[in-house]
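Chemist: Attaching a single structure in structure tokens format; questions to follow.
Nothing in this text is a laboratory measurement; each read-out follows from the coordinates by a stated rule. The structure presented is a predicted model; accordingly, all values stated were derived computationally and were not measured. When we count neighbours, we look across all protein chains shown, and the Cβ atoms used for this are built from the backbone with ideal geometry, even at glycine.
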Amino acid sequence: MSGRLRVLQAGPAMTVQDAGRPGYQRYGVAEGGAMDQHALAEGNALLLQNTDTAVLEMAVAGGQFQVIDAPLQLATSGCRMDLFVDDQPLPWRSNFLVNPGQVIRIGQARGGVYGYLHVQGGFDVPLILGSRSTHTRAGFGGFQGRSLASGDELVAMVAAPTEVRCRRLPEPHYLERREIRIVRGAQAHLFSDSNRSTFLHADFRMSSRRDRMGARLETDADSFAASGGLTGISDAVVAGDVQVTGDGVATVLLADRQPTGGYPRIATVISADLAAMAQLPTNAAFSFKLVSMQEAVSAMRQQRLALAGLPASCTPLVRDPADVPDLLRYNLIDGAINAQD
């Protein structure tokens with residue numbers, strides 16, 4: 001019998017996500033997937049798995065959950081949130097085994113927006129167009145095509161989890177990034193030299209007008225609206241595109257972005273910085289830095305190497321025995337020798 005995770009209390013916009021469904025944007029289907037793809041790799045490294053599994057994405061705050069039927073091997077990643085199992089604190093970005101009846105409590109996001117709860121083997125939700133990700137606007141994928149609510153139950157894909165030695169990962173540097181790297185956008189030529197310069201030297205703030213589709217940016221700089229192109233033909237957009245409306249407001253397109261767009265795009269956030277962009281807390285100050293395409297490709301390669309090295313970055317989770325209520329279930333002595341031999 002597979003273990004189940006029952007939602008006792010759900011934070012806002014809590015959904016099931018995975019790496020998304022690339023390749024369908026040409027048919028009008030958004031790519032979607034986790035807002036922080038780096039966090040997906042963290043969870044897989046902690047649980048010693050390499051598959052694209054479905055995870056629980058928590059925005060701004062977590063919730064409360066109870067394990068039902070059978071033990072679950074879990075892990076957390078993304079921005080830091082307070083984590084408790086039966087009121088016993090556990091470090092974020094670690095893996096842990098939870099037995100039936102135990103309650104998991106996850107608090108507010110700290111230093112970011114999105115946190116993730118992983119289960120060994122992933123959550124068992126329908127596979128639609130090659131992905132288990134939720135797209136709430138379209139109402140499909142994930143758990144019944146919607147955000148999770150109290151009373152919902154998620155089933156683990158594996159019936160008998162393999163107990164993985166408790167480990168943890170260090171806090172990643174990308175959550176602290178406040179200089180977001182960009183390349184020239186598809187319609188950068190429609191903006192004057194002065195407007196492009198204003199954009200690059202402006203100080204921005206992440207606004208509260210944000211969701212999985214995109215985030216509007218605030219700035220005190222003069223308008224950098226395009227001088228043309230506002231009546232252009234819509235064309236394909238990509239994650240990280242920075243589109244500018246006629247009144248000069250910039251919006252960064254994110255995971256659930258529309259397949260096409262008509263507003264001119266002055267810049268595009270490089271793929272290596274997409275997680276940092278998505279995790280910027282509301283009101284966080286940041287700036288953009290223009291880099292070459294060669295620098296963007298190099299940053300992407302460095303990021304892939306870093307993600308591949310995550311399993312080697314895991315260290316044993318050392319806990320005070322006084323904080324382990326079920327200490328007797330652990331194998332504290334693994335073999336013995338006779339000193340007289």
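Chemist: Of all residues in segment 149-200, which are of a type outside the set (D, E, K, R) and closer than 18 Å to D36 by Cβ? Before the answer, list the steps.
Modeler: First, pick out the residues of segment 149-200 that are of a type outside the set (D, E, K, R): 149-151, 154-162, 164, 166, 169-170, 172-175, 180, 182-183, 185-192, 194-195, 197-200.
Correct list: L169, P170, P172, H173, Y174, L175, I180.
Chemist: Shifting gears a bit: Report yes if R184 is closer than 30 Å to S2 by Cα, in contact (Cβ under 8 Å) with a residue 24 or more places away in the chain and of a type outside the set (S, T, N, Q), otherwise no.
Modeler: Working: closer than 30 Å to S2 by Cα: no; in contact (Cβ under 8 Å) with a residue 24 or more places away in the chain: yes; of a type outside the set (S, T, N, Q): yes.
No; evaluated as a whole, the condition is false for this residue.
Chemist: So in segment 2-53, with the set limited to residues that are closer than 24 Å to R105 by Cα, hydroxyl-bearing (S, T, Y) and within 17 Å of the chain's Cα centre (by Cα), which one is surrounded by the most Cβ atoms within 10 Å (Cβ to Cβ)?
Modeler: Among residues in segment 2-53 that are closer than 24 Å to R105 by Cα, hydroxyl-bearing (S, T, Y) and within 17 Å of the chain's Cα centre (by Cα), the one surrounded by the most Cβ atoms within 10 Å (Cβ to Cβ) is T15.
Chemist: A follow-up question, please. For segment 37-69, how many residues are closer than 16 Å to A255 by Cα and among the polar types (S, T, N, Q)?
Modeler: At the first step, the residues of segment 37-69 found to be closer than 16 Å to A255 by Cα are 37-40, 54-59.
Okay, now just the ones that are also among the polar types (S, T, N, Q), so 37.
Summing the residues that are closer than 16 Å to A255 by Cα and among the polar types (S, T, N, Q) in segment 37-69 gives 1.
Chemist: Of the residues A255, A236, only one is in contact (Cβ under 8 Å) with a residue 40 or more places away in the chain, exposed (fewer than 14 other Cβ atoms within 10 Å of the Cβ), under 21 Å from G28 (Cα atoms) and aliphatic (A, V, I, L, M); which?
Modeler: Numbers: A255 fails: exposed (fewer than 14 other Cβ atoms within 10 Å of the Cβ).
It is A236.
Okay, residues lined up against (1) under 23 Å from the mean Cα position of the chain (by Cα); (2) under 29 Å from S207 (Cβ atoms); (3) in a helix (DSSP H, G or I):
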residue	(1), (2), (3)
G248	no, yes, no
L280	yes, yes, no
V297	yes, no, yes
Q302	yes, no, yes
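Chemist: Looking only at segment 79-96, count every residue that is under 14 Å from R168 (Cβ atoms), touching a residue at least 40 places away in the same chain (Cβ under 8 Å) and buried (at least 16 other Cβ atoms within 10 Å of the Cβ) and tell me the total. First the steps, then the outcome.
Modeler: Of all residues in segment 79-96, those under 14 Å from R168 (Cβ atoms) come to 80, 83, 89-96.
Going one step further and asking which of them are touching a residue at least 40 places away in the same chain (Cβ under 8 Å), we end up with 80, 89, 91, 93-96.
Those still in the list that are buried (at least 16 other Cβ atoms within 10 Å of the Cβ) too: 80, 93-96.
So the count comes out to 5.
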